[in-house]
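Below is one structure, written out as structure tokens, with a few remarks after it.
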Amino acid sequence: MAALGTIRKRGVTLIIIIGLGLFAFIAEEMFRSCEATSNEKRQQVGEVLGEKISVQDFQNLVDEYQEVIKITQGRDNFTDEELNSLKDQVWNQFVSTAIIGNEAAKLGLTVTDEELQSVLREGTNPILAQSPFVSQQTGRFDVTMLTKFLDEYKKNQNGQNPQVAEQYQKIYTYWKFIEKTLRQQTLAMKYQALMANCLLSNPVSAKMALDGQNIESNILLASAPYASINDNQIKVEDSELKSKYNEEKAKFEQFVESRDIKYVDFHVLPSKADRNELMKNMEQASADLKAEKDPATVVRKAQSMIAYTGLAVTHKAFPSDIAAKLTSMTVGQTTEPFETAADNTLNVVKLIAKYQLPDSVEYRQINVGAETAELAKKRADSIYLALQGGADFEVLAKKYNQTGQKQWLTTAMYERSTSVDADTKNYLESLNNMGVNEIKKLVFTQGCVVLQVTARKAMTDKYVAAIVKHTIDFSKATYSAAYNKFSQFVSENQTLEAIEKNAAKYGYKVQERKDMLNSEHFVDGIHGTRDALKWVFEAKEGSLSPLYECGNNDHLLVIAMTKIHPVGYRNIDDVKDVLKAEVIRDKKFKILSEKYAGVKSIAEAKNKGMRIDSVNQVTFSAPAFIQATGASEPALSGAVAATKQGQFSNHLVKGNAGAYLFKVVKRGERANAYRDAKAMENQLQQQAMQMVMSRFMNELYTKAKVVDNRYLFF
């Protein structure tokens, strides 16, 4: 009872303690939940129609497409620009597939297996021509080749030769991509066909379009440029700007957030001392090559971008500046150091030898191995002597479990190699220099080879050259000095106002970029700015970024966030200049309307100061370009088309750059007029289809609430 009394006395305190404990528990769970949601969001590349795509799923799509490009184009790697383009294509395909798939589902549109099989049997879809299942005889896709491959693929999944299985897997993966693309493409075509059949053309529309193209007018034009009235004479009130904004508000809607920045970008360049030091080294390399020192050693010591292999190769193997030098040099000649601005390098070239050799060699060979090198050599001697005695090459090759089949070696297969060992060099030089039907035995470190050249073609110039090519780089000292100076500038100027005030004192320039989108890959074209781009789209207005080292480790960057333009209608202040220009144009037209009111002829217009010109071949379908005002004027073309021959315009025409009056002097059909009414009907229907699909897809894109967060990951 005493304990119960104590509890009662401290009841309020206990309730508070228990309440705080429960709150802490709930808050902890809320924090964990929020943290989990935040982590999930950080792993999302984007969202379409509520469908989220994770960074891993998107990367899988990118990897899939990358492998397809490697297979179809024989590529091993990609530049940053190519990778960015590839990722954009994958993203756009993901978005469009999701949008069309959603619309198709509402309409009950699908692509059945039977329809896909029909496409395969027909074999005319262009994407099928890119598959490995194209008949050599017909040059067309062969569905039986595909069926045979799929059967063999299933058999090879049971753990047979790993190398064969790997090749089959690559081809199978590629085929699944083609199949998926075919389904997506066929569904999109069905949807577009449905839309196309909702749009019709007719003979009346076709006649009007043909008239618009073919009926032309010659006019006498009276022009009054808006520029004849000084802008300072026009007073624009805020109320007028607001009224114009409300009138044209639809023009100022944006569907993706954009941001304005100001930034200072400093490009670190080599100092004079850096250039002098490099020139000194290049002059030494030139002197060493002239002194007949080992070219491989000279090239390696000079840290050349192009390794010395000693192989004879065509001019295509060299950079264009080096190739241009080689074709005009004599054997043994060494150049003085010269600069190539295109790739920012200093260069020295020595032409060691020049030959006329085949670009392509057909050959066959027998590889000879044995338990010991001596035994392999004896076996190779035996094969060589047998062939010299007239033995059949392929029969002898089969004796050693080889085919001995002929194959071609082209210069392009090896001339860009960065390193060549002694055995490989001996092998390639032998093939290039052997005569047709000549047989040769080569002894290598790992065994022997018996070669026979069976054909040579496309004799061409080949060069053995020592190339010293070195980028004109800045030194560590130069970069350190530039970094320290830029770092001091950033630390001493912590606001945009201070940066703009003091940038010139440090030798820097403040630049501006408006309306950046998060779908961009670089900050204003500067490579290596992924972290800076992330900062731009996470920063608040007025924020100043940290110092970024970017580019090819040769740029220093600081950014100020000046304006965020959210999704929706642009603020009136953002478009004030546009609105002001339109209000001024409206007011100038009003002034000109009052000035030229009552003018009924070209003569009266001239007397009142308007410029008179002859303008010929004015058609309804093309805006007339007016030299007097330097502008294209669609409104004038429309007014001329509505005025009969011999008549004077019944009102002043409001143009983009001036006000106009005119008289139609002559009207008629142009020479060689195009008058195929049926073709025009088809053309109009196609134009309507393209316009509707473009605008309709834009509308669907807007409603899909697409979220693009790729900048966070790529």
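The values are calculated or read from the model by the stated rules, or taken from the named source; none is laboratory data. Here the structure is a predicted model, which is why all the values come from computation and not from measurement. For neighbour counting, all protein chains shown are included, and Cβ atoms are generated from backbone atoms with ideal geometry for every residue, glycine included. SASA here: full protein model, heavy atoms, side chains in, ligands and nucleic acids out. Shrake-Rupley method; radii C 1.70, N 1.55, O 1.52, S 1.80 Å.
Treat the range 246-340 as a sphere of radius equal to its Kirkwood radius over Cα pairs and apply Stokes-Einstein at 4 °C in a medium of 1.567 mPa s; give the translational diffusion coefficient in µm²/s, rounded to a whole number.
Stokes-Einstein gives a translational diffusion coefficient of 71 µm²/s.
Cross-link candidates for Lys280: which lysines have Cα within less than 30 Å, leaving aside residues fewer than 8 places away along the same chain?
Lys272, Lys290, Lys293, Lys301, Lys316, Lys325, Lys350, Lys354, Lys469, Lys476, Lys485
Please grab the % of Cα pairs in the range 313-442 that end up more than 23 Å from each other.
50
Please report, ordered by residue number, every helix of the chain (full DSSP H runs) that is 20 Å or longer along its axis going by C-alpha atoms and whose mean Kyte-Doolittle hydropathy reaches 0.0.
In the chain, the long hydrophobic H runs are 11-42.
Per residue of the chain, what 222 nm ellipticity follows from adding -39500 (n - 2.57) for every DSSP H run with n ≥ 4, rounded to the nearest 500?
-15000 deg cm²/dmol
Rounded to the nearest 0.05, what FRET efficiency is calculated for Lys378 and Thr702 with R0 set to 56 Å and r the Cβ-Cβ distance?
About 0.10, to the nearest 0.05.
Hey, got a sec? Which chymotrypsin sites (Phe, Trp or Tyr not before Pro) in the range 622-705 land in a DSSP loop and have at most 14 other Cβ atoms within 10 Å?
Tyr674
Once you have a ≥ b ≥ c as the square roots of the Cα gyration tensor eigenvalues for the range 648-714, tell me rounded if a/c is under 1.5, and otherwise prolate or oblate according to whether a/b is larger than b/c.
oblate
log10 I(q)/I(0), Debye, Cα-only the range 422-541, no solvent, q = 0.19 Å⁻¹?
Calculated log10 I(q)/I(0) at the listed q: -1.23.
So if I place +1 on the C-beta of Lys and Arg and -1 on the C-beta of Asp and Glu, and nothing else carries charge, what would the dipole magnitude of the chain be about its Cα centre? I want it in debye, nearest 20.
1140
Among Ala250, Leu661, Ala458, which residue has its Cα positioned farthest towards the positive end of the charge dipole of the chain, with +1 placed on the Cβ of Lys and Arg, -1 on the Cβ of Asp and Glu, and the dipole taken about the Cα centre?
Leu661
Quickly rank 183-194, 213-224 as a protection proxy: mean count of other C-beta atoms within 10 Å, highest first.
So the peptides 183-194, 213-224, ranked by packing, come out 213-224, 183-194.
Order these peptides, 501-509, 307-315, by their mean beta-carbon neighbour count within 10 angstrom, highest first.
Highest mean packing first, the order is 307-315, 501-509.
Counting only protein heavy atoms and a 1.4 Å probe, tell me what percentage of the chain's accessible area is made up of carbon and sulfur.
After summing per-atom areas, the C and S share lands at 51 percent.
Can you tell me the length gained on complete extension of the stretch Met693 to Thr110, counting 0.36 nm per residue apart and subtracting the Cα distance?
207.9 nm
If Lys and Arg each add +1 and Asp and Glu each add -1, what is the summed charge of the other residues whose beta carbon sits under 12 Å from the beta carbon of Ile261?
Once positives and negatives cancel, what remains is -2.
Considering only the other residues whose Cβ falls under 11 Å of the Cβ of Phe133, what net charge follows from Lys and Arg at +1 and Asp and Glu at -1?
+1
Against the 2.2 N^0.38 Å scaling, with N counting residues, where does the chain land? I'd like the Cα-based Rg ratio to two decimal places.
So the chain has a normalised radius of gyration of 1.42.
Projected onto the charge dipole of the range 573-650 (+1 at Lys/Arg Cβ, -1 at Asp/Glu Cβ, origin at the Cα centre), which of Asn650, Val640, Ile584 gives the Cα projection farthest towards the positive end?
Checking the options against the dipole of the range 573-650, the answer is Asn650.
Principal axis lengths of the range 85-131 from Cα atoms, whole Å, largest first?
Dimensions of the range 85-131 along the principal axes of its Cα atoms: 31, 31, 12 Å.
Looking at the range 532-575, which trypsin sites (Lys or Arg not before Pro) are in a loop (DSSP not H, G, I, E or B) and have at most 13 other Cβ atoms within 10 Å?
Sites meeting the loop and neighbour criteria: Lys540.
What distance in nm separates the simple spin-label points at Asn60 and Thr72, each placed 7 Å from Cα in the Cβ direction?
The two pseudo-label positions are separated by 2.2 nm.
Keeping every protein chain present and rolling a 1.4 Å probe, give me the accessible area per residue for the chain in Å².
Averaged over the residues of the chain, the accessible area is 58 Å².
Cα extents of the range 137-267 along the three principal axes, largest first, in whole Å?
Here the spans come out as 88, 60, 32 Å, largest first.
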